[in-house]
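Structure first, commentary second.
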Amino acid sequence: MATASMAKTQAYEVIVIGGSFAGLSAAMQLARARRRVCVVDAGQPRNRFAAASHGFFGQDGEPPLAMIEQARRKLAAYPTVGFVQGTVVSATAQQRAGSPENGFEVVLDDGATLEAHKLVLAFGVQDGLPEIAGLRERWGASVLHCPYCHGYEFAGQRLGVLYHSSGSAMHAQLIADWGPTTLFLNGDTTLESAERERLQALGTTIEPAPIAALEGPGHALQGVRLQATGSGDARVVPLAALYVAATTRPASPLAEQLGCAFDDGPMGPYLRTDANKMTTVPGVYTAGDLTLMRHNATLASAEGVLAGVGAHQALVFGA
């Protein structure tokens with residue numbers, strides 16, 4: 001493994017910002033193309049709250065952090081790869097002498113600078129969670145976002161869906177395929193009567209009352225405590241898992257700094273790309289949850305492959 005020295009500006013062909021599933025997959029393609037690539041990572045992957053990653057080819061049930069560490073070890077075997085532990089605080093395009101194309105300079109939180117011909121943005125997104133007592137500490141354990149990632153482990157048990165928009169009715173219908181489901185409106189009154197009737201016909205329970213807190217030992221969920229009413233004590237609805245469609249936002253302002261265009265998704269903005277995963281800024285590629293409306297470890301890794309190949313071919317063909 002080539003270790004980057006912080007004594008002076010280090011130059012690479014590609015800098016990958018973010019070292020989780022997408023970023024490491026992008027770097028692997030570049031390493032196998034014998035290109036000088038540096039992975040800059042702060043060690044805070046989005047899936048660090050989950051005990052296991054499910055549905056990933058050949059890795060079902062493995063801890064995400066262990067999968068990342070294994071991928072780093074394999075990537076480190078390639079002599080053109082460098083790793084830097086840290087956070088990129090700024091990224092700017094720099095005119096390269098004798099070339100019509102821009103290069104890029106990135107500055108780390110310790111003041112060190114790195115330069116590259118191309119960038120791959122793979123720093124992911126941050127989740128915006130509802131302010132409900134007991135919810136945040138159970139995120140990734142018994143408060144979930146994806147039934148394909150975690151649904152099997154809770155199959156046949158009492159499940160819940162937290163209402164946030166008209167799409168929640170379809171979400172509840174999907175989750176019901178894993179077990180008996182309650183749609184918690186949490187005081188919202190916008191559920192249309194046709195949706196209500198359809199859910200009830202399918203056997204889904206609809207709970208209109210506001211939620212006071214989630215309860216259970218440790219990270220486990222045993223029930224949802226509803227707010228007390230004037231007519232009686234607060235009720236507790238038994239529950240094993242609650243599905244929440246979290247809003248998302250980029251985990252770093254770098255894409256905005258560089259001038260990359262975003263599109264609006266149902267849960268938050270995502271980066272606009274072409275078929276080769278290049279953003280609207282030439283030379284800047286992206287992969288993973290930053291450019292996906294559906295978030296999944298396998299999809300993030302596949303996006304990383306496309307971004308790495310796209311960046312490499314741009315180096316070859318000058319695109």
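The values are calculated or read from the model by the stated rules, or taken from the named source; none is laboratory data. As the structure is a prediction and not an experimental result, all values here were calculated from the model. Cβ coordinates were reconstructed from backbone atoms using ideal geometry, including for glycine residues, and neighbour counts include every protein chain displayed. Surface accessibility is based on the protein's heavy atoms, side chains included, excluding ligands, DNA and RNA. Shrake-Rupley method; radii C 1.70, N 1.55, O 1.52, S 1.80 Å.
Please find, within the stretch 273-293, the residue that is nearest to the chain's Cα centre (by Cα) out of those that are under 20 Å from THR92 (Cβ atoms) and open to solvent by 50 Å² or more (accessible area, probe 1.4 Å).
At the first step, the residues of the stretch 273-293 found to be under 20 Å from THR92 (Cβ atoms) are 278-286, 290.
Next, from what is left, pick out any that are open to solvent by 50 Å² or more (accessible area, probe 1.4 Å): 280, 282.
On the way: THR280: 21, PRO282: 24 Å.
Looking at residues that are under 20 Å from THR92 (Cβ atoms) and open to solvent by 50 Å² or more (accessible area, probe 1.4 Å), I get THR280.
Would it be correct to say that ALA71 is assigned to a strand (DSSP E or B) and either in contact with a Leu (Cβ under 7 Å, 6 or more places away or on another chain) or open to solvent by less than 10 Å² (accessible area, probe 1.4 Å) (or both)? In short, no.
Restricted to the stretch 229-265, and to residues there that are part of a loop (DSSP other than H, G, I, E, B) and under 23 Å from VAL161 (Cβ atoms), the residue that is modelled with the lowest pLDDT is ALA234.
Report yes if GLU131 is without any contact (Cβ under 8 Å) to a residue 60 or more places away in the chain, open to solvent by 30 Å² or more (accessible area, probe 1.4 Å), at negative phi and of a type in the set (Asp, Glu), otherwise no. Criteria met by GLU131.
The residues of the stretch 9-44 that are under 13 Å from HIS312 (Cβ atoms), assigned to a strand (DSSP E or B) and within 18 Å of the chain's Cα centre (by Cα) amount to a single one, VAL16.
Go through ALA307, ALA314 for me and flag whichever is touching a helix residue (DSSP H, G or I) at 6+ places or on another chain (Cβ under 7 Å), assigned to a helix (DSSP H, G or I) and either modelled with pLDDT of 95 or more or open to solvent by less than 30 Å² (accessible area, probe 1.4 Å) (or both).
Every option except ALA307 fails the conditions.
Criterion first (of a type outside the set (Asp, Glu), out of contact with any helix residue (DSSP H, G or I) (no Cβ under 6 Å at 6 or more places or on another chain), without any contact (Cβ under 8 Å) to a residue 12 or more places away in the chain and closer than 23 Å to ARG225 by Cβ) does ARG158 satisfy it? Spelling it out, it is not the case that ARG158 is of a type outside the set (Asp, Glu), out of contact with any helix residue (DSSP H, G or I) (no Cβ under 6 Å at 6 or more places or on another chain), without any contact (Cβ under 8 Å) to a residue 12 or more places away in the chain and closer than 23 Å to ARG225 by Cβ. Does THR182 count as over 30 Å from VAL281 (Cβ atoms), open to solvent by 10 Å² or more (accessible area, probe 1.4 Å) and polar (S, T, N, Q)? Against the criterion (over 30 Å from VAL281 (Cβ atoms), open to solvent by 10 Å² or more (accessible area, probe 1.4 Å) and polar (S, T, N, Q)), THR182 qualifies. Filtering the stretch 75-109 to residues that are modelled with pLDDT of 95 or more, aliphatic (A, V, I, L, M) and in a loop (DSSP other than H, G, I, E, B) leaves only ALA77.
Residues in the stretch 154-164 that are open to solvent by 40 Å² or more (accessible area, probe 1.4 Å) and over 21 Å from the mean Cα position of the chain (by Cα): ALA155, GLY156, GLN157, ARG158. So for the stretch 300-309 (the condition being acidic (Asp, Glu), in contact with a Ser or Thr (Cβ under 7 Å, 6 or more places away or on another chain) and under 25 Å from PRO63 (Cα atoms)), does at least one residue qualify? Yes: one or more hits.
Reported count of residues in the stretch 201-255, each being more than 30 Å from GLY288 (Cα to Cα), crowded, with 17+ Cβ neighbours inside 10 Å and among the polar types (S, T, N, Q), is 1. Screening VAL37 with (1) at pLDDT 90 or above; (2) open to solvent by 20 Å² or more (accessible area, probe 1.4 Å); (3) not aromatic (Phe, Trp, Tyr) gives one miss only, at (2).
When the test is whether a residue is within 22 Å of the chain's Cα centre (by Cα) and open to solvent by less than 30 Å² (accessible area, probe 1.4 Å), PRO147 passes it.
Just so you know, in the stretch 250-264 the residues that are in contact with a strand residue (DSSP E or B) (Cβ under 8 Å, 6 or more places away or on another chain) and of a type in the set (Gly, Ala, Ser) include one that is farthest from ALA300 (Cα to Cα), and it is ALA261. When ALA112, ALA51 are screened for being out of contact with any Asp or Glu (no Cβ under 9 Å at 6 or more places or on another chain), open to solvent by 40 Å² or more (accessible area, probe 1.4 Å) and touching a residue at least 24 places away in the same chain (Cβ under 8 Å), only ALA51 passes.
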